[in-house]
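Data block below; observations after.
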Amino acid sequence: MGIPSERDREAKGNPSSLSPIAHRPLPAAIRLQKVIADTGLASRRKAEMLIAGGRVTVNGQIVRELGTRVDPGRDHVKVDGRHLKPVPPETFVMLNKPEGYVSSMSDPEGRPTVADLLGGVGPRVFPVGRLDFDCEGLMLLTNHGELAQALLHPRHHVPKTYRLKVKGVLSEEEIASLERGVVLDDGPTGRAIVKKVGKAEKNSWLELTIFEGRKHQVKRMFEAVRHPVLKLTRIRFGPLALGALPMGRYRFLTDREANALRDLVRSRTTGNRREAMGDRDDRRKTGAAPPAHRPSPTASRRRVRRTAC
Ligand code: URA
């Protein structure tokens, strides 16, 4: 902006003799209240009040003029004596995780983690769900915590597709039971889609789409029909497809992919709300009782944590 930076003042040697408005035309200049609001510290209106109240300094000098423009890359803006923290850009990364990597950012046992594969990403990102140590394929990582939570929430039924090799050849009846839902020790699984994609003499290649994400769910589903999983690769997560991303490599999502994730969450959220409202309206019309079993808030929180794969 037009206010001398600390560097400028140091160079001139006499900070107090400089006018706050210098004559340095900078194209990146942004209105001060917007710079403050963009960090999430305050709304733009509140930021204007902070400025007018003399609580904002730019390069060490109090600024009360609302139209003042600053260059966030150069100027030091403080509110109540504290530097504004820059907000990192929303970042979405797709990784093709290899076997032999833990799908978290650190491992108490010292094994390789996905963090080892993310050099150069920039902002700190976190995995959206997990993939077992001995599984590979598509992992989404982001610094958008709210979106990550929504994608993992069991209520949103985000589809995940796995390509897998299993022991033996499945009968039509076994496939139908996997698609209907099999009983696991933590309850029956929801609907699934199974597609045969290849057959060897002793093993089968399949694609499985599930709409939930319990721990080791795919392995446990196939154990339930006595065809243990020999190899497991996640190839799709919601609107994202692994495609030809090489093993162990990552790429940033395109804007279209990131928007598809946002749209998915938005549509599921409004859809669910509408469903819930519809339910309630139907009950009001028919006088029916609410559903007998509603999981407690703690139970649903527990389930969110369990939504892992
Ligand atoms: N199901 C599993 O069993 N493991 C995974 O890593 C993901 C889904």
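Before moving on, here are some points about what is shown:
- At 1.567 mPa s and 4 °C, Stokes diffusion of region 92-252 via Kirkwood alpha-carbon radius, µm² per second: 79 µm²/s
- Rounded to the nearest 20, the size of the Cβ-charge dipole of region 74-220 about its Cα centre is 180 debye, with Lys and Arg at +1 and Asp and Glu at -1.
- Candidate lysines for bridging to K78, where Cα separation is under 30 Å - those fewer than 8 sequence places away on the same chain excluded: K12, K34, K46
- Positive-end ranking of V183, M139, L206 along the dipole of region 73-213, with charges on Cβ about the Cα centre, is headed by M139.
- Ignoring lysines fewer than eight residues from K97 along the same chain, the ones with Cα atoms less than 28 angstrom from its Cα are K160, K165, K167, K195, K196, K199, K202, K215, K219, K231.
- Cut-off 15 Å (backbone N to label point 7 Å along Cα→Cβ of R124), residues of region 77-91: 86-89, 91
- Region 190-255: trypsin sites (Lys or Arg not before Pro) falling in loop per DSSP and having at most 10 other Cβ within 10 Å: K202
- The label-point distance for I62 and V183, in a model that sets each label 7 Å from Cα toward Cβ, rounds to 7.4 nm.
- Computed on region 95-173, the Cα convex hull volume stands at 130 Å³ per residue.
- About its Cα centre, region 184-274 has a charge dipole of approximately 100 debye under the convention of +1 per Lys or Arg Cβ and -1 per Asp or Glu Cβ, with nothing else charged.
- Looking at region 46-111, the GluC sites (Glu not before Pro) that sit in a DSSP loop and have at most 14 other Cβ atoms within 10 Å of their own Cβ are E65, E90, E109.
- Positive-pole candidate from G129, P246, G100, dipole of region 92-252, charges at beta carbon: P246
- Global dimensions of region 34-139 from alpha-carbon coordinates: Rg and Dmax equal 20.7, 60 Å.
None of the figures in this text is laboratory data; all of them are computed from the coordinates on show. Being a predicted model, the structure only gives us computed values, none of them experimental. No Cβ is skipped: glycine too gets one built from the backbone with ideal geometry, and neighbour counts run over all protein chains shown.
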